[in-house]
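Working notes, structure below.
The values are calculated or read from the model by the stated rules, or taken from the named source; none is laboratory data. Every value quoted in this text rests on a predicted model; they were computed, and no experiment measured them. Neighbour counts run over all protein chains shown; Cβ positions are idealised from the backbone, glycine included. For the accessible areas, the whole protein counts, side chains as well, though only heavy atoms, and no ligand, DNA or RNA atoms are used. Shrake-Rupley method; radii C 1.70, N 1.55, O 1.52, S 1.80 Å.
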Amino acid sequence: MRELRTCPVTGVTVLLNDSWPDRARPAPTPSEPCWACSAPGPEIDRRDGLVVVPHPVPALGIEGDERVRVAAHGVRRDAVGAHELIFGAHGSADPRLLAFAAHRIAELRRDPRLRGFSIFRVDAPGRHPIWELLALPTDIAPSNPAPWRDVELENGARVVEANHGAVAIAAWAPRVPFETWVLPTRGGEEFPAGYEEVSALADRVLARMAERLGGPEIVVTVEFGTPWRLVLRPRVEVSLRTEGVGLPGHGVLPERAVGVLRG
Ligand SMILES: [Zn+2]
């Protein structure tokens, strides 16, 4: 089966062809000793065993000029912003880290230059769960997945699992094989409302994804919108390299992914 699908939420178009033999890449062995446990450097904030530290090699810095300069064919600006790491104990991804990240974003927002925020972590067996927070000088438009979520809940074909406050759904137009969105089903839509239910469900789906795909790294992203969501994206070796032409392509239709990921 060959299809071009456009995501109703993100607008991204992907090329899907289920005759391509994509394979999950096993995660590399975590480095010893664990950096977060041994040398995380000065703390920005600490609360109930959860800490925020600056990234040792930050992608953005707080110094710089916020002006946008117009060059011959485009614009450029200094990469003014912040790049921080948020983590707790080594063992597991503490759901309170999401609430702590929301608190940290509220602090950073006091600087009027910081307008867009991005949060992600790379999950792998034995690795310390560390959320990376990027604060950018540009806006990131929030998305509105609620209408899509409600149609998917009613239809059920791509629902991986649901609990009393959250649902995990295989993305309609997955950018990588097995991309799964976990989002609140009711109540507060603003990040991090409902984070306990969303985290609990995401952890269960993530554990099954890791086990059934042979332990790949899984990138977990917070995407903001109405409602916010966690997006799970395993690192999979795709057999057709179409990203060079701006068209994500692979061989796992979400209707097949859901059969692998269901409990
Ligand atoms: Zn550690």
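List pairs: first in segment 1-19 and open to solvent by less than 40 Å² (accessible area, probe 1.4 Å), second of a type in the set (F, W, Y) and assigned to a loop (DSSP other than H, G, I, E, B), Cβ under 9 Å, 6+ apart or cross-chain?
Correct list of pairs: R5/W172; C7/W172; V9/W172.
Assess whether T138 counts as being in a loop (DSSP other than H, G, I, E, B), in contact with a strand residue (DSSP E or B) (Cβ under 8 Å, 6 or more places away or on another chain) and closer than 30 Å to V57 by Cβ. Spell out how you get there, then give the answer.
Details: in a loop (DSSP other than H, G, I, E, B): yes; in contact with a strand residue (DSSP E or B) (Cβ under 8 Å, 6 or more places away or on another chain): yes; closer than 30 Å to V57 by Cβ: yes.
So T138 passes the test.
Which members of segment 118-159 meet the condition of being among the aromatic types (F, W, Y) and open to solvent by 40 Å² or more (accessible area, probe 1.4 Å)?
The answer is F120, and nothing else.
If you check every pair at least six apart or on different chains, which have Cβ atoms under 7 Å apart with a residue in segment 72-94 that is within 16 Å of the ligand (Cβ to nearest atom) first and a residue that is open to solvent by 60 Å² or more (accessible area, probe 1.4 Å) second?
From segment 72-94, the pairs are H90/C37; A93/D203.
For R121, work out the one condition from (1) within 16 Å of the ligand (Cβ to nearest atom); (2) in a loop (DSSP other than H, G, I, E, B); (3) within 29 Å of T180 (Cβ to Cβ) it doesn't fulfil.
Condition not satisfied by R121: (2).
Return the only residue of A162, A170 being open to solvent by less than 30 Å² (accessible area, probe 1.4 Å) and small (G, A, S).
On the way: A162 fails: open to solvent by less than 30 Å² (accessible area, probe 1.4 Å).
Answer to the selection: A170.
Take S38 and decide whether it is open to solvent by 50 Å² or more (accessible area, probe 1.4 Å), within 25 Å of the chain's Cα centre (by Cα) and within 16 Å of the ligand (Cβ to nearest atom).
On the way: open to solvent by 50 Å² or more (accessible area, probe 1.4 Å): yes; within 25 Å of the chain's Cα centre (by Cα): no; within 16 Å of the ligand (Cβ to nearest atom): yes.
Considered against the rule, which asks whether it is open to solvent by 50 Å² or more (accessible area, probe 1.4 Å), within 25 Å of the chain's Cα centre (by Cα) and within 16 Å of the ligand (Cβ to nearest atom), S38 comes out as no.
I'm told V176 meets every condition in (1) under 17 Å from the mean Cα position of the chain (by Cα); (2) part of a strand (DSSP E or B) except one. Can you identify the failing condition by its number?
With (1) under 17 Å from the mean Cα position of the chain (by Cα); (2) part of a strand (DSSP E or B) applied to V176, the lone miss is (2).
What is the number of the single condition among (1) away from the ligand (no atom under 13 Å from the Cβ); (2) open to solvent by 40 Å² or more (accessible area, probe 1.4 Å) that A27 does not meet?
Single failed check for A27: (2).
So which of E161, E211, E189 is part of a helix (DSSP H, G or I) and either of a type in the set (S, T, Y) or not assigned by TED's automatic domain parsing to the domain that holds D94 (or both)?
Details: E161 fails: part of a helix (DSSP H, G or I); E189 fails: part of a helix (DSSP H, G or I).
Exactly one of E161, E211, E189 is part of a helix (DSSP H, G or I) and either of a type in the set (S, T, Y) or not assigned by TED's automatic domain parsing to the domain that holds D94 (or both), namely E211.
Of everything in segment 207-263 that's hydroxyl-bearing (S, T, Y) and in contact with a Gly (Cβ under 8 Å, 6 or more places away or on another chain), which residue is most open to solvent (accessible area, probe 1.4 Å)?
First pass over segment 207-263, keeping only residues hydroxyl-bearing (S, T, Y): 221, 226, 239, 242.
Now narrow it down to the ones that are in contact with a Gly (Cβ under 8 Å, 6 or more places away or on another chain): 239, 242.
Working: S239: 55, T242: 16 Å².
Ranking the candidates gives S239 first.
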